[in-house]
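These notes are about the structure you will find just below.
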Amino acid sequence: MANAVVKSNQTPRNHRSSGPERQASIIAAAASLFAQKGFNGTTTREIAKTAGISEALLFKYFPTKRALYAAIIAAKSQLSQLMASIEEAADKRDDVRVFTLIAGFRIHRGADPSLLRLLLFSALEGHELSDMFFRNRHRVFYEFLAGYIARRTREGKFRKVDPLLAAQSFVGMIVYHRLLHEIFKVPPHCSPEEAVAGYVDVFLEGLRK
């Protein structure tokens, strides 16, 4: 009888969940599982169970795992406002702010380690979703940076370097920082803000004439 009461209390609560709320809970559950077990290692049954819904309801919102993975990337890749700030700083030739905004997006208090794990799993599993993640989470930055570095070089402010290699090097520094502290669990010796300032200073000192 007690179980019946519990069950009857749970059902209305689930029904009261709005579509966007339920969709968000599915995305959160799937992101957590993908980050732990990878795309291929996670079943839709596990996702549904973690989200507290039936597998049939899961398929109503996301007919395939690929659609769900794409939704996770879209939810975690809201970069329009950030890119607007970076472009504004670039127009002002504010080198420190351009690089600080990019590094600060990756290194900050409360950074979500599941993002990096999702990227690593998708790349190691070798499916096309790794390219989807890469385009949305990494390439947008180093391609913009390469163009900015090339422009500042033409203006005589940066020494002559390969713009794409330089941009990839900066993003690589930031990614390695996260690998070190989020995957290998090496305790950081400074705050996120100090780390960002340090990386930007070291990198710009190497670029400036």
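The values are calculated or read from the model by the stated rules, or taken from the named source; none is laboratory data. All values derive from a computational prediction rather than experimental measurement. So basically every Cβ, Gly included, is an ideal-geometry build from the backbone, and we count neighbours across all protein chains shown. All accessible areas refer to the heavy atoms of the entire protein, side chains included, with ligands and DNA or RNA removed. Shrake-Rupley method; radii C 1.70, N 1.55, O 1.52, S 1.80 Å.
A few comments on the model shown:
- Partners for residue 209 among lysines (Cα-Cα distance below 29 Å; same-chain residues under 8 apart left out): 92, 157, 160
- Once exposed loop GluC sites (Glu not before Pro) are cut out (DSSP; at most 13 other Cβ, 10 Å), longest piece of the chain: 1-127
- The overall shape of segment 89-209 is oblate: from the C-alpha gyration tensor, with semi-axes ordered a ≥ b ≥ c, the ratio a/c is 1.5 or greater and a/b is no larger than b/c.
- Mean residue ellipticity (222 nm) of the chain, computed from DSSP H runs ≥ 4 via -39,500 (n - 2.57), nearest 500: -22500 deg cm²/dmol
- Segment 129-187 and segment 74-126: distance between their alpha carbon centers, rounded to Å: 10 Å
- Hits among lysines - C-alpha to C-alpha of residue 37 under 20 Å, sequence gap 8 or more where chains match: 49, 65, 76, 185
- Listed values [x] 1.04; [y] 1.26; [z] 0.95 include one computed from this model; for Cα Rg over 2.2 N^0.38 Å that value carries the label [y].
- Each Cα pair under 8 Å and six or more residues apart adds its sequence gap; the mean of these over the residue count of the chain is a relative contact order of 21 percent.
- Segment 134-208: chymotrypsin sites (Phe, Trp or Tyr not before Pro) in DSSP loop, at most 12 other beta carbons within 10 Å: 184
- Solvent-accessible area assigned to carbon and sulfur over segment 28-79 amounts to 57 percent, based on a 1.4 Å probe.
- For segment 91-209, accessible area per residue (1.4 Å probe, heavy atoms of protein chains only), Å²: 54 Å²
- For the chain, the longest principal axis of the Cα atoms and the long axis of helix 95-106 meet at an angle of about 20 degrees.
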